[in-house]
């Protein structure tokens, strides 16, 4: 089978940039037809923005601002030119952030990412990302079907039923978090189930450190990473060269100094900013809050698009835990529901190769209250977490609400 999905992947970088920036004025014109972008971008001639320097002069729009903006102008904060009924599906992500699905067979641009991970037409793919309200399941589902694969829409959890599906359908590929892949394989082996059909995986939504990579490789599974978000889709992906993540086609990626819109020199860690050239759902200099750094040159796999080192932490205090974003606003909601608590700090760590979180709360309240707080934490974030009561005044007075203590990688 061919090593590349199409000829675009090996085009000269100058050719790629010229094609992208030729499309940018139309995306800007569409954005300016919305009240929110018109106010955000100000007086602007779209035809004048045709290179990276001109784009870098535009203000960034921060993803962390979207929940508040959407509450003020539901459902999309005034940033989407098309009406909700124009889109095939409508989602919500933690925050909450409301997102429409773009049109087309591969609306989030993932087919080439699966191809780079070794997936091929005719493969059966077990997709364990969630299909309920959030777009994760559909992002990978549509990508696999656009590539010509059959998809088992399994969703997360239900390990026993997942093992039944694996034995019945014999999927060659897996899509989901790396943590759940390990859980599936270990549970299957412990129960004497045949999970040997799984040979490749595209994982996302959680950290995939070297220790877990080695465990998965020991299962005989060739696993690759993808960097994707609900609002943008597939942003970058790993190839067989395993020399960083290749930036996806059809979007413009910048790396800027956190808190500004100023591009950083190549190799310096900064915040990821993307521009999506879809006139129905344009995103102009959209700052994701994730940190990375650009890698020099092109990948050894022959793909000529820019490369990044992958996820290197958060520029803001939001954290992705088991594929779900947890935001400071959600910690504040826990505090609002439990006035007995004062200062809160959500600590995110890794335990036994999976994400874990502990909510530390200053209080003199009865320790028995911790159970109720844990239930509130789960209701607000849709994730389980431990609760630890600490003495008033013992947490650092540094303004940090979420402390992500996981190692990068």
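What follows draws every value from the coordinates through simple rules; no lab data is involved. The structure displayed is predicted, hence computed values, not measured ones. Counting neighbours? That spans all protein chains shown, and the Cβs are built from the backbone with ideal geometry, glycine included.
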Estimated [θ] at 222 nm from DSSP helical runs (n ≥ 4, -39500 (n - 2.57)) normalised by residues in the chain, nearest 500: -8000 deg cm²/dmol
The stretch 321-404: relative contact order in percent, alpha carbon pairs under 8 Å with at least 6 residues between: 34 percent
At R0 = 45 Å, FRET efficiency that the Cβ-Cβ distance of residue 189 and residue 241 yields, to 0.05: 0.90
Percent of alpha-carbon pairs separated by more than 17 Å within the stretch 321-404: 40 percent
Convex hull of the stretch 16-154 built on C-alpha atoms - directionally averaged projected area, nm²: 9.7 nm²
Sorted by Cβ density within 10 Å, fewest first, the residues 283, 395, 32: 395, 32, 283
Choice from 363, 275, 134 with maximal GNM fluctuation in the chain (Cα, 10 Å cutoff): 363
The chain: most fluctuating residue of 237, 286, 169 per GNM, C-alpha cutoff 10 Å: 169
Listed residues 57, 257, 182, most fluctuating in the chain (Gaussian network, C-alpha, under 10 Å): 57
Compactness relative to 2.2 N^0.38 Å, alpha carbon Rg of the stretch 102-189: 1.04
Protection-proxy order for peptides 195-202, 215-222, 259-266, 98-105, each taking the mean of Cβ atoms within 10 Å per residue, highest first: 195-202, 98-105, 215-222, 259-266
Quarter of the Cα convex hull surface for the stretch 25-64, i.e. its orientation-mean projected area (nm²): 2.9 nm²
Relative contact order, percent, the chain [alpha-carbon distance under 8 Å, six or more residues apart]: 14 percent
Relative contact order (%) - criterion: Cα under 8 Å, at least six apart; region: the stretch 130-289: 12 percent
Using distinct alpha-carbon pairs, which all enter the 1/r mean, Kirkwood radius of the stretch 264-336 in Å: 14.6 Å
